[in-house]
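> The following block contains the structure, expressed as structure tokens.
The values are calculated or read from the model by the stated rules, or taken from the named source; none is laboratory data. All figures in this text were calculated on a predicted structure; none of them were measured in a lab. Counting neighbours? That spans all protein chains shown, and the Cβs are built from the backbone with ideal geometry, glycine included. Heavy atoms of the whole protein, side chains included, go into the accessibility calculation; ligands, DNA and RNA do not. Shrake-Rupley method; radii C 1.70, N 1.55, O 1.52, S 1.80 Å.
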Amino acid sequence: MKMLPQVLFWFGTNLYPFAWLLWYFGPQLEVLRPVLASVSDPALRAALQEAHAERLGILGRCLASITPVLSKILEKKMQG
């Protein structure tokens with residue numbers, strides 16, 4: 001249990017480049033393609049893909065910011 005704060009800290013630190021990659025490569029992710037397959041307008045589909053990519057990048061960035069804070073809180077609670 002003492003290793004959890006350190007794991008959270010490094011997980012959060014490594015999420016920064018992952019969030020950027022999600023934002024950059026998000027429109028081409030295969031996870032989004034089945035959801036947007038029913039949209040027939042190509043311009044609307046492209047806009048929706050970009051919006052999903054931005055949301056995924058924001059989610060990754062929020063997680064990257066929150067996990068070091070959680071790490072510090074857990075570390076203080078474990079010390080006493």
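> Which one of these does Ile66 not meet: (1) loosely packed, with under 15 Cβ neighbours inside 10 Å; (2) free of Cβ contacts under 8 Å to residues at least 24 places away in the same chain?
(2)
> Take Glu54 and decide whether it is surrounded by 13 or more Cβ atoms within 10 Å (Cβ to Cβ), among the acidic types (Asp, Glu) and in contact with a Gly (Cβ under 8 Å, 6 or more places away or on another chain).
On the way: surrounded by 13 or more Cβ atoms within 10 Å (Cβ to Cβ): yes; among the acidic types (Asp, Glu): yes; in contact with a Gly (Cβ under 8 Å, 6 or more places away or on another chain): yes.
It is true that Glu54 is surrounded by 13 or more Cβ atoms within 10 Å (Cβ to Cβ), among the acidic types (Asp, Glu) and in contact with a Gly (Cβ under 8 Å, 6 or more places away or on another chain).
> Could you check segment 36-51 and list, in sequence order, the residues that are of a type in the set (A, V, I, L, M) and either open to solvent by less than 60 Å² (accessible area, probe 1.4 Å) or touching a residue at least 12 places away in the same chain (Cβ under 8 Å) (or both)? Walk me through it before giving the result.
Kept after step one, since they are of a type in the set (A, V, I, L, M), are these residues of segment 36-51: 36-37, 39, 43-44, 46-48, 51.
Matches in segment 36-51: Leu36, Val39, Ala46, Ala47, Leu48, Ala51.
> A further question on this structure: Conditions first: (1) surrounded by 11 or more Cβ atoms within 10 Å (Cβ to Cβ); (2) in contact (Cβ under 8 Å) with a residue 60 or more places away in the chain. Lys2 passes all but one, so which condition is the exception?
It is condition (1) that Lys2 fails.
> Only residues that are farther than 28 Å from Tyr24 by Cα and of a type in the set (Gly, Ala, Ser): list them for segment 54-80, please.
Within segment 54-80, just Gly80 meets the criteria.
> Take the conditions more than 12 Å from the chain's Cα centre (by Cα) and either at positive phi or modelled with pLDDT under 85 (or both) and apply them to Leu48. Does it pass? Outline the logic, then answer.
Numbers: more than 12 Å from the chain's Cα centre (by Cα): yes; either at positive phi or modelled with pLDDT under 85 (or both): yes.
Yes.
> List pairs: first residue in segment 10-22 and in contact (Cβ under 8 Å) with a residue 40 or more places away in the chain and over 13 Å from Cys62 (Cβ atoms), second residue open to solvent by less than 100 Å² (accessible area, probe 1.4 Å) and in a helix (DSSP H, G or I) anywhere in the structure, Cβ distance under 6 angstrom, at least six positions apart or on different chains.
Phe11/Thr67
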